[in-house]
Amino acid sequence: MRITAKALGWRQIVRDVSVEIAAGETFGLVGPNGSGKSTLLRLLAGLLPRAAGQVALDDTPLSAMARRDIARCLAFVEQHADTAEALRVRDAVELGRTPWLSPIAPFGAQDADIVDMALARVDMQAMADRCWATLSGGERQRVHLARALAQQPRVLQLDEPTNHLDIHHQLALMALVRTLPQTVVMAIHDLNQAMTCDRVGVMSGGRMLACGDPAQVLTPELLAAVFRVGATRLDAPGQPPLFRFHSL
Ligand SMILES: Nc1ncnc2c1ncn2[C@@H]1O[C@H](COP(=O)(O)OP(=O)(O)OP(=O)(O)O)[C@@H](O)[C@H]1O
């Protein structure tokens, strides 16, 4: 599903952002702390009142869609997502099925299979019966992703999805994201991981300063100007370029 933002703004925090993200694309939002990445994600999900501009999913403006229809199309894992403490892991993931359920379509065997698959994709099936309150930060993050996958959206928005994960699960998550058929928009701090996205948008002071192929956009000059770091690019054949960073 294509997601199109036109002249998006909210207070002075996000200013005049226009971007079109193609169906199936993995789009990384990068930028320093406070540059507006999370706010832009919330705008793209239609979660902020009195926003300027417009967001459309394919050709339908979000403003013309019922919340339930948006939830069938778009899942959003926020940076500080939380869940009722008393839930089991499986219950938390089952919540992802909510937009698809109704009195004539109650939770059934097919929903249970979808939940099992989502748990397996984030390597949490062994903990399905654990109480949410006992999970570590990274385990909680994986459960939130499982809930979003169980929602079977066509657009997945992730706010810093790797920030609590150990290196194995960071790489597994990035690999999973690459294989998903969904459009993925994610805020990400690790610029080396951002290099694996199809495109990146660089946020600074609420504006999207640059957008495009990460290898072309994330130049040492841009990284110095936006992130105030020095970066040496390391190229290896057949691999996305890597950066080694140093203070300026
Ligand atoms: N509801 C709000 N009211 C006032 N200021 C806000 C609000 N939400 C965000 N801000 C401010 O807007 C700026 C952008 O915040 P945002 O969370 O979008 O940045 P970010 O790029 O995601 O940052 P980080 O990398 O630290 O997560 C920050 O300075 C933040 O303090």
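Computed from the coordinates by the stated procedures, all read-outs in this text should not be read as laboratory data. Quantities reported herein were computed from a predicted structural model and do not represent experimental measurements. As a convention, Cβ positions derive from the backbone with ideal geometry for all residues, glycine included, and neighbour counts pool all protein chains shown.
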Could you list, in sequence order, all residues of segment 31-44 that are near the ligand (Cβ under 9 Å from one of its atoms), in contact with a strand residue (DSSP E or B) (Cβ under 6 Å, 6 or more places away or on another chain) and either under 16 Å from Cys211 (Cα atoms) or aliphatic (A, V, I, L, M) (or both)? Gly31, Ser35, Gly36, Lys37, Leu40, Leu41
Single match in Ala71, Ala23, Ala52, Ala64 (criterion: within 16 Å of the ligand (Cβ to nearest atom) and surrounded by fewer than 19 Cβ atoms within 10 Å (Cβ to Cβ)): Ala52
Of all residues in segment 29-44, how many are surrounded by fewer than 21 Cβ atoms within 10 Å (Cβ to Cβ) and either in contact with a helix residue (DSSP H, G or I) (Cβ under 6 Å, 6 or more places away or on another chain) or not in a helix (DSSP H, G or I) (or both)? 3
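Taking the conditions exactly as written (in contact with a Ser or Thr (Cβ under 7 Å, 6 or more places away or on another chain) and free of Cβ contacts under 8 Å to residues at least 60 places away in the same chain), does Glu20 satisfy them or not? Explain how you work it out, then say what you get.
On the way: in contact with a Ser or Thr (Cβ under 7 Å, 6 or more places away or on another chain): yes; free of Cβ contacts under 8 Å to residues at least 60 places away in the same chain: yes.
Criteria met by Glu20.
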Checking Leu47 against (1) out of contact with any strand residue (DSSP E or B) (no Cβ under 8 Å at 6 or more places or on another chain); (2) free of Cβ contacts under 8 Å to residues at least 60 places away in the same chain; (3) within 16 Å of the ligand (Cβ to nearest atom), which test does it fail? (1)
Is at least one residue of segment 136-144 more than 16 Å from the chain's Cα centre (by Cα) and farther than 24 Å from Asn163 by Cα? no
Does segment 145-157 include one or more residues that are in contact (Cβ under 8 Å) with a residue 12 or more places away in the chain, surrounded by fewer than 16 Cβ atoms within 10 Å (Cβ to Cβ) and at negative phi? no
Based on this model, can you work out whether Ala66 counts as free of Cβ contacts under 8 Å to residues at least 60 places away in the same chain, more than 18 Å from Val155 (Cα to Cα) and over 19 Å from the mean Cα position of the chain (by Cα)? no
Can you list the helices (runs of 4 or more DSSP H) found entirely within segment 130-248 that contain at least 3 residues being closer than 22 Å to Gly24 by Cα and within 16 Å of the ligand (Cβ to nearest atom)? 191-194
Out of all the residues in segment 50-63, which are within 14 Å of Ala7 (Cα to Cα), in contact (Cβ under 8 Å) with a residue 24 or more places away in the chain and not in a loop (DSSP other than H, G, I, E, B)? Ala52, Gly53, Gln54, Val55, Ala56
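Evaluate the following for Glu85: is it more than 14 Å from the chain's Cα centre (by Cα) and exposed (fewer than 15 other Cβ atoms within 10 Å of the Cβ)? Talk me through it step by step, then tell me what you get.
Details: more than 14 Å from the chain's Cα centre (by Cα): yes; exposed (fewer than 15 other Cβ atoms within 10 Å of the Cβ): yes.
It is true that Glu85 is more than 14 Å from the chain's Cα centre (by Cα) and exposed (fewer than 15 other Cβ atoms within 10 Å of the Cβ).
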